[in-house]
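S.K.: What follows is a structure written as structure tokens; I'll ask about it next.
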Amino acid sequence: MSILNEISELLQKGRAKQVQQLVQNAIDEGIEATLILNEGLLGGMSIIGEKFKNNEVFVPDVLMAARAMNMGSQILKPHLAEEGIQSKGKVCLGTVHGDLHDIGKNLVKMMMEGKGLEVVDLGTDVLPEKYVEVAIKENCQVICCSALLTTTMEVMKDVVKAAENAGIRDKVKIMVGGAPVTEDFCREIGADAYTVDAASAADVAVELCKG
Ligand code: B1M
């Protein structure tokens, strides 16, 4: 079995320490960090997601896999980031109100920091007004919202409205993403940008900060 398959298998079993060790071994073998992320960690996470959907595994299994995912990506962090670069802008980022999924949001943060952006992490379950309050206080150029549930993605509309009500809509860009979110949805709610993954979110945020 290849080391990337092994990482995926161990992640599915929630063996966080072994995942961490194997990620380190893969780096030492010279395997690219993005490949380890996409094929090892995210590969395993997507299999767990399918099993969760089919009731083959349950919440505790998913939580253990999520912990392994987070610990594995911590090892990758310095390898994904271009260190020591000047700030290219400032954004605030959070998972919307009612939603506790944070793995994708954490990856977006990691990629954005890697591109030289300052990221104010608001965590999960973030109220629309909180994004706006922090964007004003911290002088953020972009508000970034993540959602994983079809029910909570609707909160993104309220974030756009909250920015309009606070009179900052022309000064701050709003980016949206997460598994159920689409380009059409982004347009429909009046947000500025949607990206399908964390790496392109970081590229687009850098561009938006330039503007
Ligand atoms: Co939940 N969950 N979950 N879950 N969970 C999903 C999302 C689900 C699809 C599973 C399923 O049924 N197949 C389903 C949603 C169904 C729907 O809405 N249509 C679901 C459900 C139903 C639930 C609960 C309601 C289950 C329950 O309690 N009955 C509950 C809700 C809790 C809540 O939030 N209020 C729940 C709970 C949980 C756990 C706590 C057990 C755990 C979360 C742990 C954690 O995050 N710390 C969990 C997990 C792990 C999942 C799955 C298995 C994996 C999600 C994940 O982390 N993926 C998920 C199934 C799946 O996705 N296959 C599922 C990996 C992550 C890297 O991907 O977040 O999509 P993702 O991020 C991607 C892109 O989307 C993008 O970048 C990342 C990759 O590059 N991206 C952005 C993300 N944010 C972005 C922002 C951007 C741009 C790109 O710009 C700002």
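The values are calculated or read from the model by the stated rules, or taken from the named source; none is laboratory data. Note that this is a predicted model, so its numbers are computed, not measured. Glycine gets a Cβ as well: all are built from the backbone with ideal geometry, and neighbour counts include every protein chain shown. All accessible areas refer to the heavy atoms of the entire protein, side chains included, with ligands and DNA or RNA removed. Shrake-Rupley method; radii C 1.70, N 1.55, O 1.52, S 1.80 Å.
S.K.: From the phi of every residue in the stretch 198-211, what ³J(HN,Hα) in whole Hz does the Karplus formula 6.51 cos²θ - 1.76 cosθ + 1.60 yield, where θ is phi - 60° and glycine or proline is x?
M.R.: Once rounded to whole Hz, the list reads 5, 5, 6, 4, 5, 4, 5, 4, 4, 4, 5, 5, 5, x.
S.K.: Taking just the alpha-carbon atoms of the chain, what radius of gyration and Dmax come out, in angstrom?
M.R.: 17.5, 56
S.K.: Could you give the accessible area per residue of the chain, probe 1.4 Å, as a whole number in Å²?
M.R.: In whole numbers, the chain has 51 Å² accessible per residue.
S.K.: PRE reach from K210 (point 7 Å along Cα→Cβ): which of the stretch 117-160 fall under 17 Å by backbone N?
M.R.: Only 117-118, 141-142 fall inside the zone, counting backbone N under 17 Å.
S.K.: For a quick check: with amide H placed at 1.01 Å from N, whose amide H comes under 5 Å from T95's, ignoring anything fewer than 5 positions away on the same chain?
M.R.: G123, T124, D125, V126, S146
S.K.: Compute the acute angle (0 to 90°) between the alpha-carbon long axis of helix 16-28 and the principal axis of greatest extent of the alpha-carbon atoms of the chain; round to the nearest 10°.
M.R.: With both axes taken from Cα atoms, the answer is about 90 degrees.
S.K.: Ignoring any ligand, DNA or RNA, what whole percent of the accessible area of the chain comes from carbon and sulfur when the probe is 1.4 angstrom?
M.R.: 51 percent
S.K.: With respect to the cross-link table entries K77/K173; K130/K173; K137/K210; K109/K173, which display a Cα-Cα separation exceeding 24 Å?
M.R.: From the list (K77/K173; K130/K173; K137/K210; K109/K173), the Cα-Cα distance tops 24 Å for K77/K173.
S.K.: Moving on. Could you tell me the relative contact order of the chain? Use alpha-carbon pairs under 8 Å, at least six residues apart, and round to a whole percent.
M.R.: Dividing the mean separation by the residue count of the chain yields 17 percent.
S.K.: Mind checking which of G98, G30, G43 has the largest fluctuation in a GNM of the chain, springs on alpha carbons under 10 Å?
M.R.: Sorting by GNM fluctuation, first place goes to G30.
S.K.: Which distance in nm do the two modelled labels at N139 and E154 give, with both placed 7 Å along the Cα-to-Cβ direction?
M.R.: 3.8 nm
S.K.: Here's another thing I want to ask about it. Rounded to the nearest Å, what's the spacing between the alpha carbon centres of the stretch 161-211 and the stretch 33-94? Just the number, please.
M.R.: Cα centroid to Cα centroid, the span is 22 Å.
S.K.: Calculate one ³J(HN,Hα) per residue across the stretch 144-161 by plugging θ = phi - 60° into the Karplus curve 6.51 cos²θ - 1.76 cosθ + 1.60, and present them in order as whole Hz with x for glycine and proline.
M.R.: So the Karplus estimates, Gly and Pro as x, are 10, 10, 10, 8, 10, 10, 5, 6, 7, 4, 4, 4, 4, 4, 5, 5, 4, 5 Hz.
S.K.: Cβ neighbours within 10 Å, averaged per peptide: list 180-187, 136-143 in order, most packed at the top.
M.R.: 136-143, 180-187
S.K.: Moving on. Sorted by accessible area with a 1.4 angstrom probe, largest first, how do V134, V196, V204 fall?
M.R.: Ranked from most to least accessible, the order is V196, V204, V134.
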